[in-house]
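See below for the structure under consideration.
The values are calculated or read from the model by the stated rules, or taken from the named source; none is laboratory data. Being a predicted model, the structure only gives us computed values, none of them experimental. Cβ placement follows ideal geometry from the backbone for every residue including glycine, while neighbour counts extend to all protein chains displayed.
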Amino acid sequence: MSLPVHLNHVMMTHRCPQCRVGLARSGLWFRSIRAYHCAPCGAVVPMGYVEKVALFALHAPGKKNPA
Ligand SMILES: [Zn+2]
């Protein structure tokens, strides 16, 4: 499974595994990073391929918005 290009401009929310605070960015932003720094708790949140596939699947059309 790959990351669908048509979701590049969809706003996605990824929850920090440490503090559960959601970070909202575009699909393109999540696609281009390998990790991000969570401002609320200071954790470095890794965004590997598995995490990206799960995030994109969550925001695919037809799925309920988790936010
Ligand atoms: Zn956090």
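Filtering segment 28-49 to residues that are touching a residue at least 24 places away in the same chain (Cβ under 8 Å) and either within 12 Å of the ligand (Cβ to nearest atom) or in a helix (DSSP H, G or I) (or both) leaves F30, R31, P40, C41, A43, V45.
Within segment 50-64, the set of residues being part of a loop (DSSP other than H, G, I, E, B) and either in contact (Cβ under 8 Å) with a residue 60 or more places away in the chain or hydrophobic (A, V, I, L, M, F, W, C) (or both) comprises A60 only. Filtering segment 1-27 to residues that are assigned to a loop (DSSP other than H, G, I, E, B) and within 16 Å of the ligand (Cβ to nearest atom) leaves C16, P17, Q18, C19, R20, V21. With respect to (1) at pLDDT below 95; (2) within 16 Å of the ligand (Cβ to nearest atom), the lone exception for K63 is condition (2).
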